[in-house]
1. So, with +1 on the Cβ of K and R and -1 on the Cβ of D and E, and no other charges, what is the size of the charge dipole of the range 482-618 about its Cα centre, to the nearest 20 debye?
2. I'd like the FRET efficiency for LYS191 and LYS218, computed as 1/(1 + (r/R0)^6) with the beta carbon distance as r and R0 of 51 Å, rounded to 0.05.
3. Quote to one decimal, in nm, the extra length available between LYS528 and LEU424 on full extension: 0.36 nm per residue of separation minus the C-alpha distance between them.
4. Hey, if you put +1 on the Cβ of every Lys and Arg and -1 on every Asp and Glu Cβ in the range 240-367, which of GLY246, LEU276, LEU366 ends up farthest toward the positive end of that dipole?
5. What percent does the relative contact order of the range 559-606 come to when contacts are Cα pairs within less than 8 Å and at least six residues apart?
6. If I take every Cα pair under 8 Å that is 6 or more residues apart in the chain, average their sequence separation and divide by the length, what percent do I get for the relative contact order?
7. Residues in the range 431-451 near a label at ILE462, defined as backbone nitrogen under 17 Å from the 7 Å Cα→Cβ point?
8. Hey, which aspartates and glutamates would be in cross-link range of LYS443, C-alpha to C-alpha under 17 Å, not counting anything within fewer than 8 residues on its own chain?
Amino acid sequence: MIKDVVKDAEGEKVFFLGNEAIARGAIEAGIDIYATYPGTPSSEISDTLSEACRLLRNKMEFYMEYSTNEKVAFEVAVAASLVGKRGMCAMKHVGVNVAADSLFSFAYMGAKGGFVVVSADDPSLHSSQNEQDNRWYGQAARIPVIEPSNVSEAKELVAKAFEVSEKFELPVMFRTCTRLNHASGIVELGKIPEKKLERIDWERNPLSQVLVPGVARKRKLILLEKIEKVRDYFNSELNEVREGKGTDGVIACGLGYSYVIEALERLNADLHIMKLITPYPPPEKIIEDFVSNLDRVAIVEEVDPFVELHVRAIAKDYGVEVYGKRNGYFPEHYELNLPVVEKGIAKMLGVQAPDYDSVLKRAEKLSSLAPPRPPVFCAGCPHAASFYALKNVSENHGGAALPSDIGCYTLGVNKPFETVDICLCMGGGIGISNGLARVVKNKVVITVGDSTFFHAAIPALIDAVHNGANITLLVLDNSTTAMTGHQPHPGLPSTGCGETGKQVSVEEVARGCGVEFIEVVRPYNIKKMEEVLTRAIEHEGVSVVVARQLCAILWNRQRKIKGIEIRPFEVLDNCNLCLECVSNFACPAIIYDGKTVWIDDTQCAACGVCARVCPEDAIKPRKKVEAT
């Protein structure tokens, strides 16, 4: 909780979410600038620091912002480092792809003040479009990677990451995984430093900070020297070895260490264990000392056989058998858990692990008895209204190609809407559409959220205008970054620290990009939505429709705060069970029990879309009950 995150009570133990622990670690480390684009599983780090930024303003001052995208966030934090202050940014694993251009070059440039980039990887793709191991970025960019194994360690290692960054003048990647970000654990609070964010005089240093080829060639050699010094340092710091019995051992990386400890207890096995906190550069001297006295070693790590490949190169000189992902002892897909780790170690030891497979089969049988619960739009979600209208208009035009993007609205892929045909990456919908417009006969209509529009869609929109693509862009503007927790973005008047910022208009940006057809419509007005979309699709060239209505969750919250009555709708007796509202609109507040259609008062947001959808005019606002 935020009250504990900002509590100045050194030595007190509190219960933190993993992301809260990372945020507290950043505070104790005395960050000066923190920037982010929200992405699960990293979002709570940023949300926590957003609140802390305001609450600690008179004690520990730092700047926090929700940036337009991850590349911008990275560069905002770089600025702090370049002048000797501490900069930090956080993003989900695919966000690092967006920031990669800056990441690789900043490694050449080098850090002055501490710089930490949090990469929140998402094994098992809980909320992501791919499963990606960002330790490879550390190796490719030649920057240190630090990976905590539990919630308490996550807090402590943030400060250590800053120290490593400053000691070796390099950016440091702080790698986490979903289960650590969203785990909870006991953390001992350290001291919150008292400081102001004071401005300093700029000092030019073009021979390291202007990466023209002549400078970059020299900086590459310096980078190689730095990373070797880090390797030597990691051979003596951070990593731990716990002695066991016999000639079998385990190298456990990050969160895998917690699974290994419990698995060995359950197997009653006392093996040698190396806790590897620094997957890159791997501490080869420690690894060599560890494996040279073993016959067999298991490698437990999330996602890819990253450390395993390094260990295999060392172990072959000592005839040590390596058991990992490459030979099937641990899977290369999805996240680790206790049964997976226990089964892999048991297989190496040649002992019997508990019969988890039969337990899982029984669980699957039981779960099959429960009705399916696919993710759906919230009751009153304006995206549902937009997609209902889009589907009707698309069918009237012979079926359009419907690329989309990443956000709540990606649920439009599901029945009954089926209005999302492609979802590649942030901003990818418009870029793909620019190509589709050249190769398909159909009309092309792209859906993108307001936050994603600012994040990555603008360059592709400019490309479409310049090259005369015949496409329609439908911006689903619910005035928030809804999928990751309602964070602000440039289209809103609030900033990360709760101050007032300049509100940037989607339609003004589109107009500035050269779009001539631009209309704003309220998606709850289905008839108007369909009429505007029809004209937009029939317009030759690029057309933009902004469907603007506040996210239903925020809309409900605002009305309750203001004391505005939310009067639910009801189905009248003239309903003829055509089921248009159930089969083609599918609001979760509308229930069909096999005999009648009715509306759940507790869910209804009183948006009125169902009344506009009903062909029989059989849905109306519930009448007020007069007090007696």
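Where a number appears in this text, it was derived from the coordinates with a stated rule and is not lab data. For clarity, every value in this text was computed on a predicted model and none was experimentally measured. We place every Cβ from the backbone using ideal geometry, glycine too, and count neighbours over all the protein chains shown.
1. Numbers: 14 positive and 18 negative charges, 120 e Å.
It works out to roughly 580 debye.
2. Step by step, r from the Cβ atoms, then E = 0.80.
3. Working: separation 104, 0.36 × 104 = 37.44 nm, distance 3.00 nm.
Here the segment from LYS528 to LEU424 would lengthen by 34.4 nm.
4. LEU366
5. Details: 44 pairs, mean separation 19.0, N = 48.
Relative CO of the range 559-606 lands at 39 percent.
6. Details: 1293 pairs, mean separation 67.3, N = 628.
Averaging sequence separation for qualifying contacts and normalising by length gives 11 percent for the chain.
7. Residues 431-432, 434 fall inside that zone.
8. Of all the aspartates and glutamates, those that pass the test against LYS443 - Cα under 17 Å, at least 8 places apart if same chain - are GLU395, GLU418, ASP421, GLU530, GLU531, GLU538, GLU540.
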